[in-house]
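Down below is the structure, laid out as structure tokens.
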Amino acid sequence: MIDVRPDPSARPSGSPGRVERIEGDVSYVSQLPATMQAVVMHAPEDYRLEERPVPAPAADELLIQVEAVGVCASDLKAYAGAAKFWGDENRDRWVEPGIIPGHEITGTIVQGSEEALAHHGVSVGDRIVVEQIVPCGECMYCQRGWYWMCAPHDMFGFKHYHGGMAEYMIVPKLARAHRISRDIAPQHAAYAEPLSCSMHAVERAELEFDDVVVIAGAGPIGLGAIIGAAHKNPKLVIALDFDDDKLALAKKCGADLTLNPSTVDIHEEIRNLTGGYGADVYIECTGHPSAVPQGLNLLRKLGRFVEYSVFKENVSVDWSIISDDKELDVRGAHLGPHTWPAAIKIIEKGDLPLEEICTHQFGLADFQKALDSVADSAGASVKVSILPGR
């Protein structure tokens with residue numbers, strides 16, 4: 001047996017042993033626990049904390065000890081039974097009962113074969129973040145390089161692959177893993193997922209230096225879009241939110257101007273700032289149906305509307321605004337393709353006030369409190385995370 005000892009500071013929190021190499025497999029410990037705690041989805045509003053076997057990685061898989069998993073608005077909507085996730089007469093179900101939820105994941109590699117480690121370019125003891133989607137690599141979208149729109153669309157924590165609301169988790173060969181520093185708090189590392197998504201929304205907007213950019217919502221996604229937009233150096237970045245505390249946080253993330261629609265006429269303010277024309281770009285990050293027509297009306301003619309949010313219900317708008325009135329470009333944004341390295345760099349450099357963004361952390365046993373905190377729009381939480389080792 002070859003003892004390969006890493007820097008002790010790289011050892012995962014709560015790890016019971018050392019790195020050992022046994023017949024080509026590399027592991028932190030010679031004996032992992034037999035069982036683990038995990039949150040399991042059974043039906044809408046029926047998620048349970050259960051004891052499950054610790055998964056054993058196949059020859060081409062990694063096993064990570066989960067350090068943090070963010071709780072996303074889409075997790076909440078799945079929990080609430082939104083048709084987008086559980087299906088209805090018009091769409092197929094997108095979640096599977098029995099799956100462990102959670103897709104904003106960071107953890108430490110505790111076991112894996114030399115083959116699996118080499119494939120991902122990682123080592124045992126590395127902390128990684130993983131992209132949400134596990135692309136098939138074979139469909140038309142994957143073959144053309146559009147992996148984030150993969151046709152099977154298997155996602156951690158929704159279908160086929162278990163997510164991060166557990167003590168341990170498998171990272172399959174087809175997953176996309178990225179190393180991230182152990183010098184930052186685990187909940188901050190897990191923020192790489194929403195930040196990468198935000199930055200993709202900004203990329204879709206194709207910002208120019210003279211643009212006046214309006215970002216609706218100063219939650220986790222909106223704040224990421226604000227810092228992403230600020231890094232593009234447009235003329236003006238304007239943040240909208242009904243919460244003054246979140247607007248103050250938006251300023252720290254790079255917003256030039258913040259507006260609360262409950263206290264000012266945002267249409268008049270933005271018209272005054274743009275010579276009566278309207279904003280060049282509007283990025284919707286609230287998930288509230290009212291924010292969609294708001295954006296269409298705030299934009300100038302030939303403006304660009306980027307929709308990132310996942311909605312619980314269908315949203316209706318006057319499409320004549322998009323066509324005959326303004327000839328708008330309306331663009332969707334999904335996941336965070338190719339933006340993960342930039343998101344990780346921003347987090348590692350300390351460019352974000354992450355202590356103020358990642359406000360609430362819970363243990364696995366308190367997963368319901370975590371979901372309730374995300375649901376409480378009037379509460380003090382911004383980004384809620386679950387730390388399985390807590």
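The values are calculated or read from the model by the stated rules, or taken from the named source; none is laboratory data. Here the structure is a predicted model, which is why all the values come from computation and not from measurement. Cβ sites come from the backbone with ideal geometry, for glycine too, and all protein chains shown count toward neighbours.
Quick notes
- Breaking point among (1) part of a helix (DSSP H, G or I); (2) surrounded by fewer than 24 Cβ atoms within 10 Å (Cβ to Cβ), for Gly98: (1)
- Which numbered condition Phe85 fails, given (1) under 15 Å from Met155 (Cβ atoms); (2) buried (at least 24 other Cβ atoms within 10 Å of the Cβ): (2)
- Scope the stretch 356-375; condition within 16 Å of Ile221 (Cα to Cα) and either of a type in the set (Gly, Ala, Ser) or in contact (Cβ under 8 Å) with a residue 40 or more places away in the chain (or both); matching residues: Glu356, Ile357, Cys358, Val374, Ala375
- Evaluation of Val315 against (1) at pLDDT 95 or above; (2) assigned by TED's automatic domain parsing to the domain that holds Pro289; (3) part of a loop (DSSP other than H, G, I, E, B) (one fails), failing number: (1)
- Among the residues listed as Asp376, Asp351, Asp366, the single one being in the same structural domain as Met165 (by TED's automatic domain parsing), of a type in the set (Asp, Glu) and modelled with pLDDT under 95: Asp376
- Selection status of Ala201, in contact with a Gly (Cβ under 8 Å, 6 or more places away or on another chain) and either closer than 28 Å to Gly112 by Cα or aliphatic (A, V, I, L, M) (or both): yes
- Taking the stretch 124-146 as the range and being farther than 22 Å from Lys345 by Cα and within 17 Å of the chain's Cα centre (by Cα) as the test, the residues that pass are Val134, Pro135.
- Search result, residues across the stretch 256-294 that are in contact (Cβ under 8 Å) with a residue 60 or more places away in the chain and within 13 Å of Val212 (Cα to Cα): Leu273, Thr274, Ala279, Asp280, Val281, Tyr282, Ile283
- For the stretch 312-330, taking the residues that are crowded, with 17+ Cβ neighbours inside 10 Å and not aliphatic (A, V, I, L, M), the one that is farthest from Arg91 (Cα to Cα) is identified as Lys326.
- Single residue of the stretch 298-312 satisfying the filter (among the aliphatic types (A, V, I, L, M) and either over 20 Å from the mean Cα position of the chain (by Cα) or assigned to a helix (DSSP H, G or I) (or both)) that is farthest from Asp210 (Cα to Cα): Leu298
- Condition met for Tyr28 (hydroxyl-bearing (Ser, Thr, Tyr), in the same structural domain as Thr108 (by TED's automatic domain parsing), crowded, with 19+ Cβ neighbours inside 10 Å and at pLDDT below 95): yes
- Residue list for the stretch 295-312, restricted to those being free of Cβ contacts under 8 Å to residues at least 40 places away in the same chain and among the small types (Gly, Ala, Ser): Gly303
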